[in-house]
Amino acid sequence: MKKIFSFFAVLVFSIFSLFSYDIWNGVVRLDNSEILEKETIKLNGMWEFYPGQEFQTFNREQYDMAFIKVPGSWRIEAKKNFQSDIACYRIKIVGLKPSTKYAIFSRKSPATAANFFCNGEKVASFGTYSSDEKNFKPCERPVYAFLESDSIGSIELVVQVASFFNHESGITSSILFAEEEVITRHFRSIIILISLLLGASLFLSIIHFSIYFGDRTSNANLIFGFVFIAIICNLLSFNGSILSWEFQEIPYSFITVLECICPWMLPQLFSVLAMKDKFSTNKLLLLDKIIFGIFSSFGIIFCTFPIKYTNYIIVLLIFVDFLFYIYRIYRMAFSFATKQIQFGVYCLFFVIIDTGYFFDAFFSSFSPENIILFSQIGTIVFILFDVVYLAYVQQAIFHNARKAKIELENSNEASLKFFYSDFIRLINDEIKDVHLGDCTKRKMTVMYVQLVVISPNGEKIQARYEFETCSKFIKIICDCVDKNNGIISSCFGRGCIAVFDNSAEDAVKCAKEIMHGIRQLNNVLCKFGEPCVMFGAGIHNGEVIIGTVGEQTSLNTIMIGDGVDAVYKIVAVALKFGVPFLVSQPVIDAIDNDKYKMPIYQNSIETAENQELFLYELKEKNTSEEKEVFQNRMPALLRSAEIDNILNLL
């Protein structure tokens with residue numbers, strides 16, 4: 001925890017610290033050397049400069065010794081005065097502790113090859129220095145060298161540089177100076193910061209690509225994913241020298257390729273993003289397509305063919321990139337003006353990152369580059385924005401999903417009130433797998449109850465009161481069926497049909513409870529002079545076919561078969577002769593009738609197979625005497641034609 005706190009403390013201090021000692025006439029005089037135990041200083045200012053000279057031969061008294069600004073390129077700072085390919089820089093640091101170890105660090109090696117000398121001794125070499133271009137080998141690795149003060153507390157630092165290119169010749173990046181532990185800590189902080197930025201960018205790019213492939217309509221996530229890939233390439237390009245120094249496994253040729261690719265990736269991605277803007281005019285969309293084509297062509301050319309970067313090409317690239325930078329600012333303003341906030345924010349972060357790159361390139365002396373670059377500040381802000389954006393989007397998705405779930409649950413709960421899911425499961429256990437025309441044949445106990453609403457004073461009952469009365473009694477029937485493991489098939493007219501899949505005895509128990517409930521409710525209603533009911537019901541055990549009918553988008557269930565036809569006939573007989581419940585012979589065979597003591601009824605019916613079906617009368621309280629009296633009764637057979645006439649009358 002202490003190390004983490006120390007790292008962030010150093011990071012915050014380094015971002016806002018731009019402290020440097022001004023160098024005049026090649027000399028740095030330190031009033032307090034103890035400051036180097038805590039922080040770094042920048043060796044920026046006017047260094048001694050010896051063009052065309054090597055360390056072994058240059059003479060400080062010679063005519064062409066001059067002073068040159070560091071950081072800066074001698075081909076730019078000195079104009080036409082020093083157009084040579086080799087040179088030496090010299091600086092004198094006084095006021096140090098005697099015989100103490102110090103270190104220097106710079107993100108970029110001076111020129112393209114350099115040797116560092118401390119008090120006349122060579123302490124570091126970057127690339128292969130040579131005054132002959134054939135033996136010259138450039139290097140862009142960072143400067144990280146150790147120095148030691150002499151006995152009087154001074155250091156003479158000489159930088160011998162060679163460059164046979166036409167740009168960036170000289171010390172183009174600030175050199176940091178401090179005690180060895182301070183420089184080492186700063187270097188490790190840079191590695192940690194770059195690793196965190198790379199890891200965060202890679203993680204966020206994976207997240208955005210995953211979201212896009214999960215939902216192909218989310219184009220913003222695809223764009224964000226590619227933007228983070230471009231940011232990763234830029235981070236590797238700008239910090240490739242440091243990474244290749246720390247991680248020797250990274251080939252430097254890979255960093256060089258990234259440096260060629262990066263200038264073309266962000267403009268292309270921005271153009272693709274801009275082409276998605278629905279509020280753009282046709283001219284703007286055409287301009288976006290032209291920009292995409294130009295940068296794609298330049299990118300292919302510069303990445304495919306070995307082109308030598310001369311001053312003219314560098315100036316051309318800077319000019320084109322600057323024009324594109326201005327265009328992005330215009331698109332940002334246009335987006336905010338048309339209230340396209342999301343696209344405007346995209347443009348804003350492109351501008352922020354580009355602004356950081358321009359500051360790093362043209363104002364390196366102002367950049368807090370001891371740990372972090374301006375471009376990395378823009379990257380950090382963009383990463384933080386993206387994290388907040390993802391959190392907001394995911395929170396909105398979670399909120400909408402939760403809202404949709406609640407609405408779906410409410411809708412399902414409401415839908416379940418209008419159809420009998422348990423009955424549908426008789427066709428298939430999984431309701432989602434039930435389709436039009438699905439059916440199943442099974443042997444079940446079927447109960448059918450038919451109500452007849454009557455008025456206590458013989459007057460005609462209004463339809464509303466009749467409906468309310470039926471509703472009260474049907475609720476009693478449904479509650480009794482549910483309590484006794486039954487399933488309501490349907491309620492139609494003044495009737496209700498139910499099935500019992502487990503046992504016929506459940507149906508008989510349910511029938512007795514229905515009779516008891518209807519009698520109690522009738523007694524209450526009669527006391528208040530309200531309509532009451534009489535009913536006829538039947539129970540039969542037989543084969544039925546349960547299936548789905550209707551249309552593909554609106555299914556209904558249906559139950560047909562001999563078992564259903566028989567129970568309809570039984571109910572017709574019960575209503576005709578005023579018997580509450582009649583039970584068929586197959587039900588009696590499936591239960592223990594000694595327990596219920598049901599006597600045989602005076603009439604029997606004819607089934608569809610022209611067979612006689614005996615009926616038994618179920619009362620709320622049956623007695624043994626009734627059963628013994630009527631056990632030898634020979635019922636009168638009611639033919640199908642007679643029963644059909646009864647049904648027509650009902």
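The values are calculated or read from the model by the stated rules, or taken from the named source; none is laboratory data. As the structure is a prediction and not an experimental result, all values here were calculated from the model. A quick note on method: Cβ atoms are made from the backbone with ideal geometry, for glycine too, and the neighbour counts reach across all protein chains shown. Surface accessibility is based on the protein's heavy atoms, side chains included, excluding ligands, DNA and RNA. Shrake-Rupley method; radii C 1.70, N 1.55, O 1.52, S 1.80 Å.
A few notes on this one:
- Strands (runs of 3 or more DSSP E) within segment 117-184 that include 2 or more residues in contact (Cβ under 8 Å) with a residue 24 or more places away in the chain and within 49 Å of the chain's Cα centre (by Cα): 143-148, 176-179
- Within segment 23-42, considering residues that are under 22 Å from Pro98 (Cα atoms) and open to solvent by 90 Å² or more (accessible area, probe 1.4 Å), the one modelled with the highest pLDDT: Arg29
- Here the condition is being modelled with pLDDT of 90 or more and either open to solvent by less than 20 Å² (accessible area, probe 1.4 Å) or outside any strand (DSSP E or B) (or both); of Ala574, Ala537, it holds for Ala537 alone.
- Matching residues in segment 445-489 - criterion: being of a type in the set (S, T, N, Q) and more than 23 Å from Leu618 (Cβ to Cβ): Ser455, Asn457, Gln462, Thr469, Ser471
Residues checked against (1) in contact with a strand residue (DSSP E or B) (Cβ under 6 Å, 6 or more places away or on another chain); (2) open to solvent by less than 60 Å² (accessible area, probe 1.4 Å); (3) at pLDDT 80 or above:
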| residue | (1), (2), (3) |
| --- | --- |
| Phe82 | yes, yes, no |
| Ile86 | yes, yes, yes |
| Ile91 | yes, yes, yes |
| Phe105 | yes, yes, yes |
| Ala114 | yes, yes, yes |
| Gly120 | no, yes, yes |
| Tyr129 | yes, yes, yes |
| Lys134 | no, no, no |
| Glu140 | no, yes, no |
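- A Cβ distance below 6 Å, combined with a sequence gap of six or more or placement on separate chains, defines the contacts here; from segment 26-54, residues that are aliphatic (A, V, I, L, M) reach residues that are not in a strand (DSSP E or B) in the pairs Val28/Tyr21; Leu30/Gly95; Ile41/Tyr21; Leu43/Ile175.
- Yes/no for Ser189 being at pLDDT 70 or above, buried (at least 19 other Cβ atoms within 10 Å of the Cβ) and of a type in the set (S, T, N, Q): yes
- Scanning segment 346-398 for residues that are among the acidic types (Asp, Glu), closer than 30 Å to Gly72 by Cα and at pLDDT 70 or above gives a single hit, Asp354.
The rows are residues; the columns are (1) modelled with pLDDT under 90; (2) touching a Ser or Thr at 6+ places or on another chain (Cβ under 8 Å); (3) farther than 25 Å from Val579 by Cβ; (4) surrounded by 18 or more Cβ atoms within 10 Å (Cβ to Cβ).
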residue: Ser489; (1), (2), (3), (4): yes, yes, no, yes
residue: Phe492; (1), (2), (3), (4): yes, no, no, no
residue: Ala504; (1), (2), (3), (4): yes, yes, no, yes
residue: Glu530; (1), (2), (3), (4): yes, yes, no, no
residue: Glu551; (1), (2), (3), (4): yes, no, yes, no
residue: Ile560; (1), (2), (3), (4): yes, no, yes, no
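- Scanning segment 579-597 for residues that are modelled with pLDDT of 85 or more and either open to solvent by 20 Å² or more (accessible area, probe 1.4 Å) or in a loop (DSSP other than H, G, I, E, B) (or both) yields Val579, Pro580, Gln585, Pro586, Asp589, Ala590, Ile591.
- Residue check, Lys432 modelled with pLDDT of 80 or more, over 25 Å from Gly542 (Cα atoms) and exposed (fewer than 15 other Cβ atoms within 10 Å of the Cβ): no
- In segment 557-606, residue farthest from Gly437 (Cα to Cα) [restricted to those that are more than 60 Å from the chain's Cα centre (by Cα) and among the polar types (S, T, N, Q)]: Gln602
- Only residues that are open to solvent by less than 30 Å² (accessible area, probe 1.4 Å) and at pLDDT 80 or above were counted in segment 598-626, giving 12.
- For segment 216-228, the criterion of being open to solvent by 30 Å² or more (accessible area, probe 1.4 Å) and not in a helix (DSSP H, G or I) is satisfied by at least one residue.
So that you can scan it fast, the table gives a plain yes or no per residue for (1) open to solvent by 30 Å² or more (accessible area, probe 1.4 Å); (2) farther than 19 Å from Val524 by Cα; (3) without any contact (Cβ under 8 Å) to a residue 60 or more places away in the chain:
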{"site": "Val449", "(1), (2), (3)": "no, yes, no"}
{"site": "Val453", "(1), (2), (3)": "no, no, no"}
{"site": "Lys460", "(1), (2), (3)": "yes, yes, yes"}
{"site": "Arg464", "(1), (2), (3)": "yes, yes, yes"}
{"site": "Ile477", "(1), (2), (3)": "no, no, yes"}
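- Residue check, Val524 part of a helix (DSSP H, G or I), closer than 30 Å to Gly437 by Cβ and free of Cβ contacts under 8 Å to residues at least 40 places away in the same chain: no
- Only one of the numbered conditions (1) modelled with pLDDT of 80 or more; (2) outside any loop (DSSP other than H, G, I, E, B); (3) of a type outside the set (Lys, Arg) is violated by Val10, and that is (1).
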